[in-house]
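Here is the structure we will look at, set down as structure tokens.
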Amino acid sequence: MSIRRIVWIRAAAVVWLGVMGAGAARAQRARGGATEPYTPKADAKDLRAVLFNWERNMGMLKGHDERDMVAMLEYTGTGRIEVDGQPCTLTKYRASTNYQSFSQRIQYACTRPNGQTYSNIEVVSGFYAWNEDTPGAEIGPTKGKATPMPAAVEDRLIRLWASPQGAAKAAVAGTSETFWLGANPGTLMGDGLARVGQTSVEWISGKPVVTFPIPGVPGATASANLDAKYMTESVTVKMGSATTEFTYGDYRDWNNPLNKIFVFYAGTMTERRNGAIIRDLTTAQTETGNVYVVAPVPASVKAAMQVTAQLPHEVIAKQEAAIDKSAPTPRMGGHPDLTGNWSYTDWIGNYMTGGGRRCAPTEASDCTRQDNQTYDFELYSPSRFGNMGRPVYQPQFWDKVQELDMWTNKYDPVMTCQPLGVPREGPPRRIIQNDKDVVFFYQGGDAGGGYGEYRIIPTDNRAHDPKRALEATYLGQAVGRWEGDTLVVDSVSFVDSTWLGRGGLFHSADMHVVEKFTRQGDVILYDVTVEDPDVFVEPWVLPTRIVRRNPNPDAGLLAERGDCEVYETNDIASQIRH
């Protein structure tokens, strides 16, 4: 078993990560002397400083290396919206945004001046736009109608990228042909420049004005006015003869009181088209911790719109080391020998470095690095950010995933000392291979969970035993076979109480997992496909993971992880998520 389990009372941080925060608020160095990648000079007015201060003060830069980790968010508000040229008073307004996939779903209902009610669901995903009469219409088993809206693509993308956080992201994107994922803007350019790429800054009446193109909308140019705290005050977008102006105010952490993580959003938002008010919103609540947001495009919409343009290719701002294939691949009985001690970077590993983040000027006066480490982890934890991706659940489960994630410290099986299970366990830490089977030893995955499980897997191409298939386990019933130089491990019969990853990624008892291990020199390429038609729209194919040989001769001496204690499960004081 593993690690004493702390069930979150304020800053009971992710202690098992071994990345403890350093001391005082606003210090410039973390414990051990690690320095931040960029610190703007006092009163600097160049583009580098402005973009950094903009994203930092908005609460977008997370982790010790201060990367933009706000990828997905939920918003609810009140106010009015224009429908057919008339104001319509809102009874519901919910916007679900995923900046990584250029997508947003806005669900609203309102009452017209004559008392008639109106409702709609507006969706944009990349270069596709459509309306739905029910969330996720025509996706999986969901009934309803998806109506293509090709004329609305540009307006909806403008609304996405002129939003409080979206404008800052678009401005950074305009500095390069590469659409950076999780970048610290201070590391993308040098000092003293007023223009980089297509993004520029000028100071008017003592405040910065940043001009940049709207991603995915050729010919659309935005100018963002920032206030004295570098918060998005207004964004004006010009495209042809149309001018759309967004004004923002009353910035706060609008998350519910149990999950304040200091990502700041506007409390008032007004959208005008050529001077006429289109939307006038007052914020009710946000959820800015990268909750689950997807917007798969219905087949009927793809067929009707026939989009040929490609979204900008996202590049992870912090890459793994290149694979060295020069080492010989040892073999056993004609197959690559997987025997050895292995190590890998958790999915989170590309985004976190030691020490908590320094406090931003807009955070509370009692802010500490250790608190920030706690707040930040829910944004850049595995499966909430980056290249791990997310399974596409059937639409009736989208809100369930969000709810599980929002209370992940309560519902995550790790918090009740259950094993991680497959595939959340990740690749094995040690492999022993012979001519008939392989033995996988595990010791932790998913940024610190896991208790030291093992599996013995026959590799003689046998089928699953139907008698054993009735016995559900955490690691499943596994059989193996060789396909050329790749070992394929096929697993079924899982308990349904484990998650696929942090973030509420549940599965059914009928989950089927296929893992592939391909050794090339001193690395193993690890591929995983998860099938679960009971809850997924399509199989979840995870990106290839690089597992490297650990040369330490003692690395295979996997220590027992200690005790795991469960307590306070009925008295959780915070939704701050691990």
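Odds and ends about this structure:
- Value of D in µm² per second that Stokes-Einstein yields for segment 60-153, Kirkwood Rh from Cα pairs, at 10 °C (1.306 mPa s): 106 µm²/s
- Peptides 71-77, 535-541 ranked from most to least packed by the mean count of surrounding Cβ atoms within 10 Å: 71-77, 535-541.
- Residues whose amide H falls under 5 Å from that of Leu193, counting only those 5 or more places apart or on a different chain, are Leu47, Arg48, with hydrogens built in the peptide plane.
- 3J(HN,Hα) along segment 528-544: 9, 10, 10, 10, 7, x, 5, 10, 8, 7, 8, x, 9, 9, 7, x, 4 Hz, from the Karplus curve 6.51 cos²θ - 1.76 cosθ + 1.60 with θ = phi - 60°, whole Hz, x for Gly and Pro.
- Counted over the chain, the DSSP beta bridges are approximately 95% antiparallel.
- Take segment 41-119 with all the other protein chains still there, run a 1.4 Å probe, and you get 34 Å² of accessible area per residue.
- Accessible carbon and sulfur surface of segment 124-191 relative to its total accessible area, %, 1.4 Å: 53 percent
- For Leu420, net neighbour charge (Lys/Arg +1, Asp/Glu -1) across residues whose Cβ lies under 11 Å away: -2
- Extended-chain gain in nm, criterion 0.36 nm per residue less alpha-carbon gap, Ser241 and Glu177: 20.4 nm
- The charge dipole of the chain, taken about its Cα centre with unit charges on the Cβ of Lys, Arg, Asp and Glu (plus for the first two, minus for the last two), comes to roughly 900 debye.
- Volume per residue for segment 412-501 equals 95 cubic angstrom (convex hull of Cα atoms).
- Accessible-area composition of segment 428-578, carbon plus sulfur, in percent [1.4 Å probe]: 48 percent
- In this structure, the residue pairs whose Cα-Cα separation is over 20 Å, taken from Lys62/Lys260; Lys325/Lys516; Lys62/Lys410; Lys238/Lys302, are Lys62/Lys410; Lys238/Lys302.
- Positive-pole candidate from Thr486, Pro539, His512, dipole of segment 469-557, charges at beta carbon: Thr486
- Once all protein chains are placed together, Arg56 keeps about 40 Å² accessible to a 1.4 angstrom probe.
- Kirkwood estimate for segment 230-299, i.e. one over the average of 1/r between Cα atoms, Å: 14.2 Å
- Across all directions, the average flat footprint of the convex hull enclosing the Cα atoms of the chain is 28.4 nm².
The values are calculated or read from the model by the stated rules, or taken from the named source; none is laboratory data. Here the structure is a predicted model, which means the values were calculated and not measured. Note that each Cβ is placed from the backbone with ideal geometry, even for glycine, and that neighbours are counted across all protein chains shown. With ligands, DNA and RNA removed, areas are computed over all heavy atoms of the protein, side chains included. Shrake-Rupley method; radii C 1.70, N 1.55, O 1.52, S 1.80 Å.
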